[in-house]
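The values are calculated or read from the model by the stated rules, or taken from the named source; none is laboratory data. Computed from a predicted structure; not experimentally measured. So basically every Cβ, Gly included, is an ideal-geometry build from the backbone, and we count neighbours across all protein chains shown. Note: accessible area is taken over every heavy atom of the protein model, side chains too, but ligands, DNA and RNA are not part of it. Shrake-Rupley method; radii C 1.70, N 1.55, O 1.52, S 1.80 Å.
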Amino acid sequence: MPVLSAKQKEQVRTKIHEQISEAEKELVVLKEVTAAIAPDNSIGRISRMDAINNKSVNDAAYLNTRNRLKQLKNVIDKVDDEQFGACVRCGRPIAFERILIMPEKRICVTCSR
Ligand SMILES: [Zn+2]
C-alpha cells in the first residue's frame, strides 16, 4: 500500500517544481549579492566591515539554497516510490502538510528533533 495517493503525489510534485524554480531565482539574486567586495569601495572601515559580515551571511544563504535545490531535484525521482511519504528513519507516515512545505526532508518531525 503506497503511503500517499496518486493525487497527493501529484500535489507534492507540483510543490517540488514550484520550490525548485523559487530556489533557482533565489540563487541568481544571492550570486549577485555575494560577488566579491571591491577593495576600492569608497566606503568607510565600518561600512566595509558591515559589507564583509553581510557577505558571509549571504554566502551561507547561497550554500543553503544550493544544497536545498540539489535535494529538491533528487527527491523528484523518489515521489513515485511506494514508501515516499513515510519517514526514512522510523517508517511512520510524515504529516502531509510537512511534505508540502519541505518535500526534500524525508524524515518526520519527531525524528528531525
Ligand atoms: Zn520518523
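Computed over the Cα atoms, what is the radius of gyration of the range 6-87 divided by 2.2 N^0.38 Å, N being its residue count? Present the calculation step by step, with values, prior to reporting the outcome.
On the way: Rg = 18.4 Å, N = 82, 2.2 N^0.38 = 11.7 Å.
Normalised Cα radius of gyration, the range 6-87: 1.57.
In sequence order, what are the phi-derived ³J(HN,Hα) couplings for the range 54-59 according to the Karplus relation 6.51 cos²θ - 1.76 cosθ + 1.60 with θ = phi - 60°, rounded to whole Hz, with x for glycine and proline? Taking θ as phi minus 60°, the curve returns 4, 4, 5, 5, 5, 4 Hz for the range 54-59. Looking at the chain as a GNM with Cα springs under 10 Å, which of Asp77, Asp59, Asp50 has the largest mean-square fluctuation? Its mean-square fluctuation being the largest, the pick is Asp50. Within the listed set Arg98, Arg68, Arg45, the Gaussian network model of the chain (springs between alpha-carbon atoms below 10 Å) gives the highest mean-square fluctuation for Arg45. For the pair Glu22 and Leu63 in one chain, pulling the backbone fully straight at 0.36 nm per residue adds 13.3 nm over the alpha carbon distance. Taking the C-alpha atoms only, the angle from helix 6-33 to the longest principal axis of the chain is near 10 degrees. The heavy atoms of Thr110 offer some 90 square angstrom of accessible surface to a 1.4 angstrom probe. Taking GluC sites (Glu not before Pro) across the range 61-113, the ones in a DSSP loop with at most 15 further Cβ atoms lying within 10 angstrom of their Cβ are Glu82.
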